[in-house]
Amino acid sequence: MTARGASLKVKGKLYSLYAQCVMMYGSKIWAMKVEDMQRLQRAEKMIRWMCGVTLKDGKTSEELRERLDVVSVSKRVRQNRLRWFGHVERKDEDDWISACRDLSVAGEKRRGRRRTTWKECVADDMRKMELRREDAQDRVLWKNSILGNRPTRASAETRTLKR
């Protein structure tokens, strides 16, 4: 990924296919802490190495991501979490996953502020992307909303079926 002869687009593809996937393995079910997200964003310094840019050059991470055609880790984590939420939300009511979704655990509460739950992370992601829980029932709408209205295979199949 740091080879000088490779184009930035190829490096970006390698980064998103390998490095980013490894960093975010299982992120769809994480209840992400701020420190965890900061740790993932710090690991994105690989982008600077791939572009051959240092902090002294004055290039922002957004500019470098754009040159590599790569989505930021925070956005990708949000997309993964919302994709999983949509999948779980479309499950049948009698499915065991649906039964576990609204499970409450009995026991004593600890002192201090409680940890952020996965549901709260999803609710925050949905608020940031202006999505509603009901939108998850329409798979094509949900996927297009999460991915930023990029054409998907499902929307292409829907268009061909309508013709």
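Just so it is clear, none of the values below were taken in a lab; they were calculated from the coordinates. For clarity, every value in this text was computed on a predicted model and none was experimentally measured. Note: ideal-geometry Cβ built from the backbone for every residue, glycine included; neighbour counts use all protein chains shown.
One table, with the values for the structure above:
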read-out	value
Any chance residue 135 is among the acidic types (Asp, Glu) and in contact with a Lys or Arg (Cβ under 6 Å, 6 or more places away or on another chain)	no
Test: residue 78 is basic (Lys, Arg), more than 16 Å from residue 28 (Cα to Cα) and either free of Cβ contacts under 8 Å to residues at least 24 places away in the same chain or out of contact with any Cys (no Cβ under 7 Å at 6 or more places or on another chain) (or both)	no
Selected residue (criterion: nearest to residue 118 (Cα to Cα)) from residues of region 1-58 that are among the aromatic types (Phe, Trp, Tyr) and within 21 Å of the chain's Cα centre (by Cα)	30
Those residues of region 104-145 which are part of a loop (DSSP other than H, G, I, E, B) and either in contact (Cβ under 8 Å) with a residue 24 or more places away in the chain or surrounded by 14 or more Cβ atoms within 10 Å (Cβ to Cβ) (or both), in sequence order	115, 116, 117, 129, 131
Of all residues making up region 15-47, the number that are of a type in the set (A, V, I, L, M) and closer than 23 Å to residue 124 by Cβ	9
Test: residue in region 44-62 that is of a type in the set (A, V, I, L, M, F, W, C) and touching a residue at least 60 places away in the same chain (Cβ under 8 Å)	no
